[in-house]
1. Peptide A:137-146: average number of partner chain Cβ atoms within 10 Å per residue?
2. Can you give me the angle between helix A:177-188 and the longest principal axis of chain A, using Cα atoms only, in degrees from 0 to 90, rounded to the nearest 10?
3. Mind listing the Cα extents of segment A:114-254 along all three principal axes, in Å, largest one first?
4. Rank the residues A:Met29, B:Met1, A:Met353 as a footprinting-exposure proxy: fewest other Cβ atoms within 10 Å of their Cβ go first.
5. What residue among A:Cys300, A:Cys221, A:Cys17 shows peak mean-square fluctuation when chain A is described by a Gaussian network model with Cα springs under 10 Å?
6. Compute the helix-to-body angle for B:107-116: its Cα long axis versus the longest principal axis of chain B, expressed 0 to 90° and rounded to tens.
7. Using a Gaussian network for chain B with springs between C-alpha atoms less than 10 Å apart, which of these wobbles most: B:Thr25, B:Thr69, B:Thr85?
8. Working from Cα positions, state the angle (0 to 90°, nearest 10) between the long axis of helix A:258-271 and the longest principal axis of chain A.
Amino acid sequence: METLFLDFFQNTGFFLCDYRNIIMILVGMLFIYLGIAKDYEPLLLVPIGFGMLMGNIPVFKGLGLGIYESNSVLHYLYLGVTQGVYPPLIFLGIGAMTDFSTLLARPVLMLLGAAAQAGIFITFLGALALGFTPHEAASIGIIGGADGPTAIFLTAKLAPTLIGPIAVAAYSYMALVPVIQPPIMRFLTSRKERLIRMEEPREVTKREKILFPIIAFLLCCFLAPAALPLLGMLCFGNLLKEAVVTERLAVAARTSIIDSVTILLGVTVGASTQGDVFLTTKSVGIFFLGALSFCIATACGVIFAKFMNLFLKSKINPLLGAAGVSAVPDSARVVQVVGQREDPTNFLLMHAMAPNISGVIGSAIAAGVLWSFMS
Amino acid sequence: MYGLEAIATNNGWAISVVGVSIVFTGLMLLSLSISRIHKILDLWDNRNDIRIFRKKTQEKKEPVLLVFTENNKESARQFRLLIKTMDDPFSLQCLLYLAQISGLERPHSSLCRLIKAGIIEPDHQGKYFFNREAFKKFAS
């Protein structure tokens, strides 16, 4: 009887617990707190946070419970991440809920989304300089795209062992957009620039909105075919939305599909952060470079907006450049908040959505380009 | 391997420059093409006007075999005086009304001849304008 009790005790989490599991459980609880109490990306941070709790329950190896054990339920769910299934489905939902009107009304703002992607490549160089392999460096650089699904997709293809830290870093920084971006935006712009008012956008017809996803898909995927899974689903989702006749499918894509996949993605990514796998010096480097990538992307967007103003007759508010990092729609909201601090009657949100959405397209192209270079 | 040496060995500089260029090119092409969508759609919507314009130019090339008698010329001169009192382009209905209350002879038939001769031409938006060249050719 004593032996049975002892065996049972040796299989409990209390006995198998490691200090790294405790740290990760605390981080998971912090994520849940930030999501619920501070309302920082709750739809992502709460599933990831709880996933961290699930992944860091110490289990006896061989029982088929851990996410890295090939016969476990979590492992099967995690296949959606490692095989790159979930990110395109999330893009389908994003496409079905995004209105491209502001982008179509003023396409020049799309260049801000391109400029912000420079952060990806600068961080890629930084990661190489710090000793990461090219595959790892590309996966770390994509954090600057501020697009969780894209980061996960590329990492799953190039450096699957880093999915945990990269996904957590990407989503953490996305949640921290309201903290990270404003100081950089204020530092790089003068008050006069922040007060610039944008022209009223022209009205966009339904036919333009229907044609856009088709043209965008064909053009971008002919240029960077590796962006096909992400851009294809994004544009398809948008076509479902704009076509009106496929409203049922669009509703499914923007509600049940994206919600289900977000839950599975969040929980499995969280669960992949097992203390012994996650808490390494590499993870520290990834977090440092991820933050750097985010800052550089924001700065590149703002500086490029100022550069464009040298040539444009109708000036654009350089704060919009910060929305070029994807993080839809948080970075656009930050632009609105920072702009309204200077002038409460200046509404930039609608205009910021244009670079914000082009940032999504830009980061998907960048991911495709990096993937094709590394393959 | 660390630092600039690692970047150079892994072809980092080239990948970054080409990568940024591709992203920029892609979004710039997309930006250019979508900035033209509404213009192309406008052109498509007005494709019938373009055909009419083509027909009109072809019709212009055909010689008009119209003979203006002295009475017809006098009638054309009277219509010109009436048109001068109107806006440009003018309403055909108003011109006809003015011709009737001014007591011009056979205003419908005269007006029809002026249109056939191209002295009065439609602007394809429901109004008409006076063609001086055609007037000089037939009625002066």
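Quick note: the coordinates plus some simple rules give every number you see, no bench work behind them. Keep in mind that this is a model prediction, so the values were computed, not measured. Cβ placement follows ideal geometry from the backbone for every residue including glycine, while neighbour counts extend to all protein chains displayed.
1. 1
2. On a 0 to 90 degree scale, this one is about 40.
3. Each principal axis gives a Cα extent; for segment A:114-254 these are 51, 44, 28 Å.
4. Arranged by neighbour count, lowest to highest, A:Met29, B:Met1, A:Met353 become B:Met1, A:Met29, A:Met353.
5. Greatest mean-square fluctuation among the candidates belongs to A:Cys17.
6. Here the helix axis deviates by roughly 40 degrees.
7. Judging by the Gaussian network model, the answer is B:Thr25.
8. The two axes meet at around 50 degrees.
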